[in-house]
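Asker: Sharing a structure, written as structure tokens. Questions coming.
The values are calculated or read from the model by the stated rules, or taken from the named source; none is laboratory data. Being a predicted model, the structure only gives us computed values, none of them experimental. With ideal geometry, Cβ positions are generated from the backbone for all residues, glycine too; neighbour counts draw on all protein chains shown. The area values use the complete protein model at the heavy-atom level, side chains included, leaving out ligands, DNA and RNA. Shrake-Rupley method; radii C 1.70, N 1.55, O 1.52, S 1.80 Å.
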Amino acid sequence: MSLYDRRCDQEFAWLERQLDRYFISMSMDCPYQLPYVATFYQALFGPLTNHLMELFLAAGYRRNGNSLYTMRCASCSGCIPIRLRPSEFKPNRNQRRVARLNSDISMHFNSVQMTEENLQLCERFLGERYPQKNNTALGYYSGFFLNHIVTSLELHYRQDGRMIGNGIVDIGENWMNAVYFYFDPDESRRSLGTFNILTMIDFCLQKSIDYLYLGYYIPNVSAMSYKSRFRPYYLRHENAWQRYG
């Protein structure tokens, strides 16, 4: 374990004791459609300092709207926090191909907004990939993307002016947190999910950001397992980050 992680763990242990009384456990069907009951251990927060959010991310927590949560499922441990050290990353042959394939795309950051363009693209994506009941773009923006906790931005991807992808990210002084990514289903050949991570890695390198959090790695869910192709990567097992690749 690195000195950075030991220091974060020590600080978070004290923080967790202070805040535990504010957290609740909420159970529901698994959002990744695995055959288990999912239990979210979560609490609502107001604005957090950069360092407090850093400690939560380093402890494996995720953000959903104004909530921070971790998974405490009784019958499953499939949701494994994953992060990258951008300075260590080496693209493989396929990732270099994806970068070349998308060289015609322009990227720029914007504030998180429920514009008609964003909602339409997000709605198309959800309808194609996750057509479950009550999955709506309006719900994702109002309950998931927008928040009062940290600084969040959208990373727009455009081809000839048309938006074909949008990444929601949280940004701190020494960390970036990938919240969600949606894209035009008709552009699936571009591997935009891979291109989005490559773009975030490049941004972190430009800004000297040491840690890029990619959410959960779930081996049995293809939409989440591809993250392990970015090597080396780190998984949080038994309260410690372990390097792979």
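Asker: Name the residue farthest towards the positive end of the dipole of the range 63-138 from the options Asn134, Asn92, Gln120, assuming +1 on Cβ of Lys and Arg, -1 on Cβ of Asp and Glu, about the Cα centre.
Answerer: Asn92
Asker: Sticking with this one: Evaluate the distance, in nm, between pseudo-label points positioned 7 Å from the Cα of Tyr41 and of Ser27 along their respective Cα→Cβ axes.
Answerer: Placing both labels 7 Å along Cα→Cβ, they lie 1.6 nm apart.
Asker: Ignoring ligands, DNA and RNA, what accessible area per residue does the range 99-245 give at 1.4 Å, in Å²?
Answerer: 47 Å²
Asker: Any idea what diffusion coefficient the range 49-112 gets from Stokes-Einstein, in µm²/s, Kirkwood Rh on alpha carbon pairs, 10 °C, 1.306 mPa s?
Answerer: Answer from the Stokes-Einstein relation: 101 µm²/s.
Asker: Right, another one. Specify whether the C-alpha gyration tensor of the range 1-59 places it in the rounded, prolate or oblate class, a ≥ b ≥ c being the square roots of the eigenvalues: rounded for a/c under 1.5, otherwise prolate if a/b is larger than b/c and oblate if not.
Answerer: The shape class here is prolate.
Asker: Roughly how many Å² of Ser106 are accessible to a 1.4 Å probe, to the nearest 10?
Answerer: Ser106 has an accessible surface of roughly 60 Å² with all protein chains in place.
Asker: Right, next: If you rank Ile209, Ile24 by how much accessible surface each has, with a 1.4 Å probe, what is the order from largest down?
Answerer: Most to least solvent-accessible, the answer reads Ile24, Ile209.
Asker: Additional query: Going from the alpha-carbon gyration tensor of the range 1-107, what semi-axes, largest first and in whole Å, does one get by taking the root of 5 times each eigenvalue?
Answerer: 30, 21, 15
Asker: In whole percent, how big is the carbon plus sulfur part of the accessible area of the range 101-152, probe 1.4 Å, protein atoms only?
Answerer: Taking all protein chains in place, the range 101-152 shows 51 percent carbon and sulfur surface.
Asker: If contacts are Cα pairs under 8 angstrom and at least 6 residues apart, what is the relative contact order of the chain in percent?
Answerer: Rounded, it is 23 percent for the chain.
Asker: Can you tell me how much longer the chain between Glu173 and Ala240 gets when fully stretched, taken as 0.36 nm per residue apart minus their C-alpha distance, in nm with one decimal?
Answerer: Gain on stretching Glu173 to Ala240: 21.9 nm.
Asker: What does the convex hull of the alpha-carbon atoms of the range 152-245 project to on average, in nm²?
Answerer: So the mean shadow area of the Cα hull is 7.0 nm².
Asker: Averaged over every viewing direction, what's the projected area of the C-alpha convex hull for the chain? Give it in nm², one decimal, please.
Answerer: 13.0 nm²
Asker: Oh, and also: Keeping all protein chains in place, calculate the accessible area per residue for the range 1-54 (probe 1.4 angstrom), answer in Å².
Answerer: Per residue, the range 1-54 has 68 Å² of solvent-accessible surface.
Asker: Okay, moving on. I need the peptides 214-221, 194-201, 173-180 ranked by packing, meaning the mean over residues of other C-beta atoms within 10 angstrom, with the highest value on top.
Answerer: Packing order, densest peptide first, comes out as 194-201, 173-180, 214-221.
Asker: In debye to the nearest 20, how big a dipole does the chain give about its Cα centre with +1 on each Lys and Arg Cβ and -1 on each Asp and Glu Cβ?
Answerer: Using Cβ point charges on Lys, Arg, Asp and Glu, the chain gives about 800 debye.
Asker: Report the residues of the range 50-87 in range of a label on Thr151: point 7 Å along Cα→C-beta, backbone N strictly under 13 Å from it.
Answerer: 50-51
Asker: Additional query: Which one of Asp160, Asp170, Asp210 has the biggest mean-square fluctuation once the chain is modelled by GNM with Cα springs under 10 Å?
Answerer: Looking only at Asp160, Asp170, Asp210, the largest GNM fluctuation is found for Asp160.
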